[in-house]
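K.L.:
This is the structure I have questions about; it appears just below.
The values are calculated or read from the model by the stated rules, or taken from the named source; none is laboratory data. Computed from a predicted model, the values in this text were never measured in an experiment. Cβ coordinates were reconstructed from backbone atoms using ideal geometry, including for glycine residues, and neighbour counts include every protein chain displayed. Calculation scope for accessible area: heavy atoms of the full protein, side chains included, ligands and nucleic acids excluded. Shrake-Rupley method; radii C 1.70, N 1.55, O 1.52, S 1.80 Å.
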Amino acid sequence: MTAAPTLLSQHSCFDGTVGFYKHVSEACGGDMRFGVFVPPQARERKVPVLYYLAGLTCTEDTFLIKGGAQRVASELGVMLVALDTSPRGAGYAGEDASWDFGVGAGFYLDATQAPWSARYRMGTYVTRELPALIAEHFPAREDREGIFGHSMGGHGALVCALRNPGRYRSVSAFAPIVAPMRVPWGQKAFKGYLGEDTATWREYDATELIRSAKTRLPPLLVDQGTGDKFLQEQLKPELLKEACEATGQPLTLRIHDGYDHGYYFISTFMEDHLRHHAAALNA
Ligand SMILES: N[C@@H](CCC(=O)N[C@@H](CSC=O)C(=O)NCC(=O)O)C(=O)O
């Protein structure tokens with residue numbers, strides 16, 4: 001049994017509701033916030049759940065405000081859960097010093113290095129604590145979960161699925177960081193959260209996990225824009241393509257001319273992602 005989350009605000013939306021909540025997280029050692037879109041079908045039955053992991057600097061409301069997902073999720077009968085991108089207010093030195101580490105940059109992993117290891121445990125939060133709370137307090141099917149995300153959250157979605165084989169029925173990403181060990185954002189985060197031993201970094205690197213996995217994920221859908229200013233230095237989707245081709249992991253990688261890294265890009269292809277998930281979640 002977990003305590004019910006506190007409702008902060010609720011809004012009618014496409015015949016369902018968007019609610020924003022806070023609760024005391026054991027994994028993250030303090031208050032965490034999340035948002036939930038409950039589709040109209042949930043008035044009659046439990047519905048599948050799709051978790052969205054946002055990128056650097058985002059909060060629990062970014063996706064629900066900017067992603068443009070609710071109309072199609074309402075049609076498809078899929079619950080959407082969006083969470084924050086890190087714990088907040090831990091008070092660690094340097095926590096707010098940069099936008100790509102610390103607050104807003106939890107990287108969906110469980111930190112092992114002090115002081116971060118006490119509260120920056122987003123891996124456990126995403127894959128264990130929050131799903132248990134959602135199953136207990138919302139009309140959600142525990143056996144029908146999908147996961148997707150953007151950029152740092154695309155990395156998070158891929159890695160959460162790869163580290164929990166069989167758990168997620170559907171997986172997709174917008175402009176994900178696919179090989180954090182090999183790019184500056186990931187190297188900075190992994191060094192700070194996981195320490196100097198790069199062997200531990202492999203456990204949170206999607207391309208490394210795909211290459212070493214004994215089982216395959218459900219078919220992946222990944223969208224990437226060519227106008228993305230982070231494409232060459234931080235994202236490198238070609239490394240994901242190579243890993244998938246080498247191992248037989250099904251991947252649909254779509255490259256879109258001119259699209260940048262932001263939510264104009266994400267919202268353009270959101271419907272495709274929701275239908276990709278719903279096909280597996282409602283099967
Ligand atoms: N402050 C940064 C830009 C930060 C940024 O672009 N964040 C992205 C995610 S990047 C990877 O995880 C994002 O989703 N921002 C929110 C939005 O509404 O676009 C800079 O100065 O470049």
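Residue-wise test of (1) among the small types (Gly, Ala, Ser); (2) surrounded by fewer than 21 Cβ atoms within 10 Å (Cβ to Cβ).
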site: Glu95; (1), (2): no, no
site: Gly104; (1), (2): yes, no
site: Gln113; (1), (2): no, yes
site: Ala118; (1), (2): yes, yes
site: Arg121; (1), (2): no, no
site: Tyr125; (1), (2): no, no
site: Pro131; (1), (2): no, yes
site: Pro139; (1), (2): no, yes
site: Ile147; (1), (2): no, no
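K.L.:
Same structure, new question: Look through region 1-34, keep the residues that are assigned to a strand (DSSP E or B) and over 27 Å from Ala105 (Cα atoms), and return whichever of them is most open to solvent (accessible area, probe 1.4 Å).
P.N.:
Ser12
K.L.:
How many residues does region 210-222 contain that are closer than 18 Å to Gly149 by Cα, out of contact with any Lys or Arg (no Cβ under 7 Å at 6 or more places or on another chain) and open to solvent by 10 Å² or more (accessible area, probe 1.4 Å)?
P.N.:
Qualifying residue count for the region: 3.
K.L.:
Could you check region 265-277 and list, in sequence order, the residues that are in contact with a Lys or Arg (Cβ under 9 Å, 6 or more places away or on another chain) and within 15 Å of the ligand (Cβ to nearest atom)?
P.N.:
Ile266, Ser267, Phe269 - these are the residues of region 265-277 that are in contact with a Lys or Arg (Cβ under 9 Å, 6 or more places away or on another chain) and within 15 Å of the ligand (Cβ to nearest atom).
K.L.:
Being open to solvent by 10 Å² or more (accessible area, probe 1.4 Å), within 16 Å of the ligand (Cβ to nearest atom) and not in a loop (DSSP other than H, G, I, E, B) is the filter here, so list the residues in region 56-77 that pass it.
P.N.:
Within region 56-77, Thr62, Leu64, Ile65, Lys66 meet the criteria.
K.L.:
Go through region 204-230 and report how many residues are among the hydrophobic types (A, V, I, L, M, F, W, C), within 16 Å of the ligand (Cβ to nearest atom) and in contact with a Pro (Cβ under 8 Å, 6 or more places away or on another chain).
P.N.:
2
K.L.:
Go over the candidates Ser86, Ser151, Ser172 one by one and state the one that is more than 15 Å from the ligand (Cβ to nearest atom), in contact with a helix residue (DSSP H, G or I) (Cβ under 9 Å, 6 or more places away or on another chain) and open to solvent by less than 30 Å² (accessible area, probe 1.4 Å).
P.N.:
Going through Ser86, Ser151, Ser172 in turn, the sole match is Ser172.
K.L.:
Can you find a residue in region 35-55 that is farther than 24 Å from Pro184 by Cβ, open to solvent by 10 Å² or more (accessible area, probe 1.4 Å) and in a strand (DSSP E or B)?
P.N.:
Looking for residues that are farther than 24 Å from Pro184 by Cβ, open to solvent by 10 Å² or more (accessible area, probe 1.4 Å) and in a strand (DSSP E or B), one finds at least one in region 35-55, hence yes.
K.L.:
What tally of residues in region 90-101 results from selecting those that are at positive phi and either in a strand (DSSP E or B) or at pLDDT 95 or above (or both)?
P.N.:
So the count comes out to 1.
K.L.:
Next question. Do any residues in region 15-38 that are modelled with pLDDT of 95 or more have Cβ atoms under 7 Å from those of residues that are among the hydroxyl-bearing types (Ser, Thr, Tyr) and open to solvent by less than 10 Å² (accessible area, probe 1.4 Å), where the two are at least six apart or on different chains, and which pairs are they?
P.N.:
Ser25/Tyr125; Ala27/Tyr125; Cys28/Tyr125; Met32/Ser25; Met32/Tyr125
K.L.:
Would you pick out the residues in region 181-203 that are under 16 Å from Glu238 (Cβ atoms) and either touching a Phe, Trp or Tyr at 6+ places or on another chain (Cβ under 6 Å) or open to solvent by 10 Å² or more (accessible area, probe 1.4 Å) (or both)?
P.N.:
Met181, Arg182
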